[in-house]
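What follows is one structure encoded as structure tokens, with my remarks underneath.
The values are calculated or read from the model by the stated rules, or taken from the named source; none is laboratory data. As the structure is a prediction and not an experimental result, all values here were calculated from the model. With ideal geometry, Cβ positions are generated from the backbone for all residues, glycine too; neighbour counts draw on all protein chains shown. Ligands, DNA and RNA are stripped out before the accessible areas are found, and what is left, the full protein with its side chains, is counted by its heavy atoms. Shrake-Rupley method; radii C 1.70, N 1.55, O 1.52, S 1.80 Å.
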Amino acid sequence: MEVAAPRPSAERPLVVVLPGFGVDAAEMMGHGIAGAIREAWPEADVVLTSATFAYSRDGRLVERLQSDIVEPALKKGYRRIWLAGASMGGMGALLYERERPGALEGIVLFAPFLGSNEVQQEIRAAGGLRRWDPGALPAEMSGDNYQRQVWNMVKGWGDRPELARRVWLFCGTDDRLIDGARLLALELPAANVLELPGGHTWGTWAVGAKAVFARIRELQQHP
């Protein structure tokens, strides 16, 4: 679902939004996420997708995003493409970043699903991502290893801070995924992390989207 910018500009930024589990583009539209982004960044066009959890787990999401969304957008002249995702959609955005690091202008994560508590506990027990050993990981991602693959990518941001600077994170303080979000936040610039009151809901994420994309717009206009 495409939502045109209320104030089109020559720069033509594009924000692609991945949904959470079991949510489609029409539902996201109804929850106000596109409206929040357009209010914060009126020059940006928005695309709401209907990607599914199955695509995220088996690796097809990245391929579909590239062929169905990103490549057509590039052909239309978009050069500043942002990928945003909520909950499982946040995991999807991270999976895209793992396959194509730095390919897009940036990614925005709303309370992202970051895998099992077991993996996160391993990271904390090791003293953080820098000391964490993910173990031997195959080159090909699968439903069995995608969580470790994503955290291993985040670990690598320590050596490539230019990638971390492109990542923004929002989470409600009462969100059930807040612990994982705060673990991820340790690897990001403090200015790119925002918490506000709220739970694991689209209402909270719409508020967060307005705040985060207003900051991004400001930085884009005044680097």
Can you confirm whether region 103-123 contains a residue that is open to solvent by 20 Å² or more (accessible area, probe 1.4 Å), in contact with a Pro (Cβ under 9 Å, 6 or more places away or on another chain) and under 30 Å from residue 78 (Cα atoms)? yes
Of all residues in region 7-21 being at pLDDT below 85 and touching a helix residue (DSSP H, G or I) at 6+ places or on another chain (Cβ under 7 Å), the one that is surrounded by the fewest Cβ atoms within 10 Å (Cβ to Cβ): 21
Would you confirm whether or not region 125-142 contains a residue that is within 19 Å of residue 45 (Cα to Cα) and open to solvent by 10 Å² or more (accessible area, probe 1.4 Å)? no
Within region 161-214, residues surrounded by fewer than 17 Cβ atoms within 10 Å (Cβ to Cβ), in contact (Cβ under 8 Å) with a residue 40 or more places away in the chain and not aliphatic (A, V, I, L, M) come out as 162, 179, 203
Does residue 138 satisfy the criteria of being at pLDDT 95 or above and in a loop (DSSP other than H, G, I, E, B)? no
Considering 100, 80, 64, which residue is under 21 Å from residue 213 (Cβ atoms) and surrounded by fewer than 24 Cβ atoms within 10 Å (Cβ to Cβ)? 80
Regarding residue 38, is this residue touching a strand residue (DSSP E or B) at 6+ places or on another chain (Cβ under 9 Å), open to solvent by 10 Å² or more (accessible area, probe 1.4 Å) and assigned to a helix (DSSP H, G or I)? yes
